[in-house]
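One structure is given below, encoded as structure tokens.
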Amino acid sequence: MNYRQPVGKIKETLLSTLDRVFGVSLENATDEQCYKAVALTVRDLMAAGRSEYMANAEKTHTKQVYYLCMEFLLGRSLKNNLFNLGIEEDFRKALAELGLKLDCLYEQEPDAGLGNGGLGRLAACFMDALATQGYPATGYSLRYEYGIFRQKLVDGWQTELPDFWLPGGKIWMQAIPEKSVEVHFNGHIEEYWNNQYHVVNHKDYTKVTAVPYDMYIAGMDGRGISRLRVWAASSAEFDMNLFNSGNYMRAMEQNAMAEVITKVLYPEDNHLEGKSLRLSQQYFLVSATIQDIIRRHLFKYSTLDNLPDLVAIHLNDTHPVLAIPEMMRVMLDECGYGWDAAWDIVTRTIAYTNHTVMKEALECWGVELFQSRLPRIYQIVEEINRRFCAQMHEKGVDGYKVGRMAPLNDGYVKMANLAVVSSHSVNGVSQLHSDILKNTVFHDFYTEMPERFTNVTNGIAHRRWLNQANPGLAGLITGLIGDSYIHDAAQLQKLGRFADDASVLGQMAKVKRENKLRLAEYIKKENCMEVDPDSIFDVQVKRMHEYKRQHMNALHILSVYQWLRENPNAEFTPHTYIFGAKAAPGYYFAKQMIRFIVDLGNTINSDPRVNQKMKVIYLEDYRVTLAELLTPAADLSEQISLAGTEASGTSNMKFMINGAVTIGTLDGANVEIHDAVGDDNILLFGMTAAEVDALKPNYDPRTYFNASPAMKQAVEELNTGFCGVKFNDIADSLLNHDPYMVLADFDSYAKAQKKAETLYGDAKNWQRMCLMNTANAGRFAADRAIREYAENIWHAQPLPEDAAEKETPLKRARLGRKSK
Ligand SMILES: *Cc1c(COP(=O)(O)O)cnc(C)c1O
């Protein structure tokens with residue numbers, strides 16, 4: 001489909017949309033109304049494109065990919081869609097002729113913050129890659145009325161404000177009420193044998209309606225359009241039957257449940273919250289989704305027998321794992337399948353990605369809660385469990401081992417076990433993480449079914465994170481190597497030719513400086529602080545978590561500060577330390593870490609002995625839009641988690657492609673970043689995952705404390721405190737447990753930091769390092785990750801390009817051909 005239109009036509013559409021939808025003329029329209037008029041115009045284009053795309057997919061029976069995830073951290077949509085459809089400049093021109101600035105309209109859009117961090121952002125990046133490469137895909141999630149909270153720091157303490165994103169964000173979504181489905185909770189099960197049929201009746205359930213809202217995500221050049229279908233809970237119309245039969249409470253209960261179920265996103269990242277509302281959200285998502293998928297498939301093919309050939313269902317982490325028993329339920333209770341046939345179809349359709357090995361994040365649900373809220377699903381889980389254990393016993397597997405693998409054990413439903421038992425593929429998200437899965441959490445499974453386990457290293461939508469976020473660098477790259485890297489990020493490799501080209505290095509440095517100035521302006525506006533654009537911009541942005549060790553970074557800054565205030569005239573490379581992170585609202589220690597960094601910053605920034613040389617900036621409300629401003633401006637990318645704890649990381653990839661040098665541990669995808677750039681272009685420090693494992697049983701943080709005077713002085717000042725606040729909690733934790741081994745890695749980190757300053761001082765070599773990072777970042781494109789999922793796990797093919805479209809004027813223009 002051709003998305004380009006004459007500028008005059010765009011203007012006409014915008015004016016008529018303003019009039020038709022908002023009843024205003026251009027003169028009276030607010031920027032917000034103009035943004036919405038543009039968004040509606042783009043949405044209509046994508047809706048048309050999606051129809052055509054799906055019609056071609058249907059014709060060719062191309063396999064559908066369904067990506068289930070409780071979180072999609074989309075950020076803004078307008079710029080991404082205009083850019084990918086190749087119509088940004090046309091719209092810019094049309095708006096300019098109407099006296100409007102496109103870039104101002106971009107600022108009107110709120111972030112769609114329907115996620116916490118890396119997991120949700122990954123899902124969003126994957127929608128882009130699926131569309132760009134022509135895999136017909138639908139993402140499924142929930143339409144939270146409130147996404148991730150807005151963070152406000154009050155005297156360094158995080159407070160949470162509601163995220164009112166719908167007024168500006170829902171313009172992208174279209175309700176499809178006629179595709180609503182019912183989801184049933186609570187109640188009890190009646191089972192009986194009726195002649196030859198086993199009949200199961202779910203009685204007295206609470207019924208909630210799931211209403212789908214669709215939004216579209218355009219792939220590059222509009223080759224494909226992904227759909228994100230998010231479900232909103234709504235009360236089935238007030239149940240008069242219940243009311244009349246005197247069941248007033250249950251009628252009310254249904255309304256109450258519908259009211260809360262999609263109200264708010266749980267703000268915990270890498271942490272499980274065993275609340276019944278969370279379980280209801282999960283079941284609500286998967287029940288609506290599975291019913292939707294099955295309904296569509298039956299409508300088209302009248303059977304589910306061929307489902308695994310035509311449909312791939314992917315579970316992003318354990319949050320949507322109830323899709324497995326839900327699919328069994330629909331097939332058994334509603335479609336007349338027997339257990340074995342249903343199980344065969346389910347397990348050949350579903351695949352699962354694991355995202356963490358940390359115990360506090362491995363989901364399990366108490367049987368009592370689970371059974372009362374989801375009685376039929378519980379029965380099915382019991383049967384899955386019974387059959388799995390029987391099969392293992394029959395194989396002669398040791399009883400303890402069977403217990404460790406069982407989906408039901410110790411009074412808990414273990415979601416990761418249920419996922420592994422029921423999926424045809426289980427993958428981790430970096431090579432190291434996938435190896436750890438095989439050797440630890442899923443070791444028992446791995447020894448019984450090794451063929452199920454694989455790896456797909458994460459990737460990022462490089463068009464968003466490089467081309468859109470850093471147009472200066474993208475333009476420079478295109479000038480040097482052409483634009484084929486936009487579709488094929490591996491082409492970035494060609495930049496390597498310019499590693500010793502002083503002119504190219506100079507131009508890259510100039511772009512970086514401009515990006516740093518842009519960020520400096522934002523910092524001035526938001527934090528009322530002046531930062532030196534020639535200082536090292538040293539950035540750690542990600543969720544606040546002990547395992548990510550922001551407190552190690554801060555402790556090191558404190559120790560640098562202690563040294564510099566004693567030696568104010570010493571040689572020192574000016575350094576700007578930048579942080580951004582939200583903490584889970586109930587995670588007290590993480591909130592203390594934030595306050596520590598903020599108060600340390602206030603102390604340093606106002607100390608005239610040092611503040612011309614070092615500054616510490618904490619940016620409020622870290623989110624996708626802020627990440628887009630930060631990543632192009634970073635010199636150093638902090639990726640300092642304890643080895644073996646970060647599954648992959650994706651911000652490490654965003655920084656790398658923007659030419660920042662990683663200072664990091666050999667954790668997650670940092671290992672592969674190191675492989676890609678070599679020893680000279682990364683600053684590694686600290687223990688390896690194997691060394692962590694070896695040290696852990698006998699770890700005593702005080703050994704390290706006593707051996708390092710600088711560390712000792714820094715930890716001790718935590719007890720004195722800053723700005724009148726003492727940080728004994730942090731000091732005590734470090735000295736007594738130090739679960740993430742900050743003290744063991746501290747000296748090594750300090751050494752790497754010193755090395756960074758020395759290297760930064762040699763500008764030409766530093767710029768060379770930056771270039772080598774960009775040049776080798778191609779393998780971390782989401783396109784590559786999606787190809788691996790498609791080929792190795794989903795066995796899905798892209799829609800043939802010629803089926804998708806005939807040659808369009810846009811394509812002709814791109815290929816430089818004359819139109820006929
Ligand atoms: C990429 C991204 C993340 C993930 O960061 P990690 O350092 O990989 O944990 C989190 N939040 C936002 C807003 C992001 O854009």
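We did not get these values from a lab; they are worked out from the coordinates using the rules stated. The shown structure was predicted, so the numbers you read here are calculated from the model rather than taken from an experiment. Cβ: placed from backbone, ideal geometry, glycine included. Neighbour counts: every protein chain shown.
For Lys726, the aspartates and glutamates whose Cα falls under 13 Å of its own Cα, not counting residues fewer than eight places away in the same chain, are Asp599, Glu716, Glu717.
When you restrict to C-alpha pairs under 8 Å that are six or more residues apart and normalise by the size of the chain, the relative contact order lands at 14 percent.
Relative contact order of the stretch 1-80: 27 percent, from C-alpha pairs under 8 Å at least 6 residues apart in sequence. Remark: Leu684, Leu298 ranked as Leu298, Leu684, counting other beta-carbon atoms within 10 Å and listing the fewest first.
Distance between the 7 Å Cα→Cβ label points at Ala55 and Glu801: 2.2 nm. Counting lysine pairs in the stretch 578-684 whose alpha carbons fall under 24 angstrom apart, excluding pairs fewer than 8 residues apart on the same chain, gives 5. Note on Lys101: aspartates and glutamates with a C-alpha under 18 Å away, same-chain residues under 8 apart excluded, are Glu12, Glu27, Asp31, Glu32, Glu88, Glu89, Asp90, Glu109. Compute the signed sum of charges (Lys and Arg +1, Asp and Glu -1) over the other residues within less than 9 Å, Cβ to Cβ, of Leu119. That works out to -2.
FRET efficiency for the Lys203 to Trp339 pair, using the beta carbon distance and R₀ = 22 Å, is estimated at 0.50. Loop-located trypsin sites (Lys or Arg not before Pro) in the stretch 99-155 (DSSP state other than H, G, I, E, B) with a sparse environment of at most 16 neighbouring Cβ atoms within 10 Å: Lys101. Placing R0 at 60 angstrom, the Cβ-Cβ distance between Glu97 and Glu571 gives a FRET efficiency of 0.60 after rounding to 0.05. Is the stretch 558-604 best put as rounded, prolate or oblate by its Cα gyration tensor, with a ≥ b ≥ c the root eigenvalues, rounded for a/c under 1.5, and otherwise prolate when a/b is larger than b/c, oblate when not? It comes out prolate by the Cα gyration axes.
Taking a 29 Å limit on the Cα-Cα distance, which of the listed pairs Lys548/Lys755; Lys93/Lys170; Lys9/Lys179; Lys263/Lys401; Lys542/Lys696; Lys263/Lys414 fall beyond it? From Lys548/Lys755; Lys93/Lys170; Lys9/Lys179; Lys263/Lys401; Lys542/Lys696; Lys263/Lys414, over 29 Å: Lys9/Lys179; Lys263/Lys401.
Under a straight-distance cross-link criterion of Cα-Cα below 12 Å, which aspartates and glutamates are reachable from Lys395, leaving out those fewer than 8 residues away in the same chain? Those aspartates and glutamates meeting the cut-off are Glu448.
Can you work out the PRE-style zone for Lys696? Point 7 Å along Cα to Cβ, and I want the residues of the stretch 716-742 with backbone N under 20 Å. Backbone N within reach: 733-742. The calculated 222 nm mean residue ellipticity attributable to helices in the chain amounts to -14500 deg cm²/dmol, summing -39500 (n - 2.57) over DSSP H runs of n ≥ 4 and dividing by all residues. Here the translational diffusion coefficient of the stretch 183-313 follows from Stokes-Einstein with Rh set to the Kirkwood radius across Cα pairs; for 4 °C and 1.567 mPa s it amounts to 73 µm²/s. With contacts defined as alpha carbon pairs under 8 Å and 6 or more residues apart, what's the relative contact order of the stretch 612-748 in percent? Computed over the stretch 612-748, the figure is 19 percent.
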